[in-house]
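Student: This is the structure I have questions about; it appears just below.
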Amino acid sequence: MSVYKEEKTNTWRVIYRYTDWNGERKQSQKRGFKTKREAQAWEREQLNKLGGDLDMTFKSFVEHYTEDMKSRIKENTWSTKEHIIEKKLLPYFGKLKMCNITPQQIITWQNTLINYKDDNGKPYSPVYLKTIQNQLSAIFNHAVRFYNLKENPCKKAGSMGKKQNREMLFWTKAEYLRFAEAMMDKNVSFYAFEMLYWCGLRLGELLALTSADFDFEKRTVRINKSYQRINGEDVITDPKTTKSIRTVTMPDFLAEEMQDYIKSIYGVQPDDRIFLITKSYLHREMKRGSQEAGVKRIRIHDLRHSHVSLLIEMGFSVVAIANRVGHESIDITYRYAHMLPTAQNEMAAKLNVERGIEDVS
């Protein structure tokens, strides 16, 4: 690399040559530095980056992390990561050198976020704090695995926040039916909530549905994509996980309802989305319907929990439920174990029978 002064502008320029990932020699430059010291500092940082030296700043390493990871992650997931990095990590760690960041500095950063209050005195939720912490730890783990950083300082500092923010809520079938009745004055709202409750769809899966996804002869709906609104644009991505790609069989009444709904949409084409509504719209409708029906307020995602709880109550196996909603069976077992209070007793009783011991209770 070389640093030159440009007399016409009285600024400094850096010219540097490097070998790219496939062995080709390249040259680039950066102009506009006010002082020679600034130009030399930037030159050193580029040399560190090109050599994979963890003497580079956190901000520079984030550029490596972005290059390595962005193309491997779903667009909506990366958008969330990027926001956290820019708003919660770079302002604090950006100028610090990766190899010098200590557990104590991370604890100080954690305390700053834990003690934060917005203008209304509201702190960050425990789940959000956990999400921010996980992103910082992911960056250091990447440095450990691929760039020879000795250790992840987050491990010594410990975590903050927690995975689940509050108790899982759900509606009973009776509560949902009261809510659904209140929704009948708006077709799009009614049919959207019917799909969410009776099929256990995720919101993104619902909003991505097209008429081509339905097979009314077989009474099925194919789930193979998800809708997100990213940076003001509609984005269709793959579902959350490979397990999420599935075919869901609808009850007869829901198949008839959805067939009527699609027929009512003027000019709809097979690949057109049939629910041209937003998450915020459904939030408002859920609030309105809950108030009119006199049922407790739950989140949109809690309709998925409600569907699972209904299937558990009906006696379906964990594996069958997992296949229907696109979960791993172990996740169903873990998250909904509290809804199966008699399962252990029933297992023990049946094992008695297998062993040849009569149930005398």
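The values are calculated or read from the model by the stated rules, or taken from the named source; none is laboratory data. Everything quoted here is computed from the prediction, not taken from an experiment. As a convention, Cβ positions derive from the backbone with ideal geometry for all residues, glycine included, and neighbour counts pool all protein chains shown.
Student: Can you name the number of the only condition in (1) free of Cβ contacts under 8 Å to residues at least 60 places away in the same chain; (2) more than 30 Å from residue 43 (Cβ to Cβ); (3) not hydroxyl-bearing (Ser, Thr, Tyr) that residue 74 fails?
Tutor: It fails just one condition, (1).
Student: Is the stretch 130-149 home to any residue that is surrounded by fewer than 16 Cβ atoms within 10 Å (Cβ to Cβ), without any contact (Cβ under 8 Å) to a residue 60 or more places away in the chain, of a type outside the set (D, E, K, R) and at positive phi?
Tutor: no
Student: Sort out which residues of the stretch 73-107 are modelled with pLDDT of 95 or more and either assigned to a loop (DSSP other than H, G, I, E, B) or assigned by TED's automatic domain parsing to the domain that holds residue 240 (or both), and write them in order of number.
Tutor: Within the stretch 73-107, no residue meets the criteria.
Student: Tell me, yes or no, whether the stretch 210-224 has at least one residue that is touching a Pro at 6+ places or on another chain (Cβ under 6 Å) and over 22 Å from residue 322 (Cβ atoms).
Tutor: Yes, the conditions are met somewhere in the stretch 210-224.
Student: Another one. Please go through the stretch 108-128 and give me each residue that is in a helix (DSSP H, G or I), at pLDDT below 95 and surrounded by 15 or more Cβ atoms within 10 Å (Cβ to Cβ), ordered by number.
Tutor: Listed by number, the residues that qualify are 126, 128.
Student: Which ones in the stretch 277-318 are part of a loop (DSSP other than H, G, I, E, B) and either surrounded by fewer than 12 Cβ atoms within 10 Å (Cβ to Cβ) or touching a residue at least 24 places away in the same chain (Cβ under 8 Å) (or both)? Spell out the reasoning first.
Tutor: Pass one, the stretch 277-318, residues part of a loop (DSSP other than H, G, I, E, B): 277-278, 294-301, 314-317.
Scanning the stretch 277-318 gives 277, 278, 294, 295, 296, 297, 298, 299, 300, 301, 314, 315.
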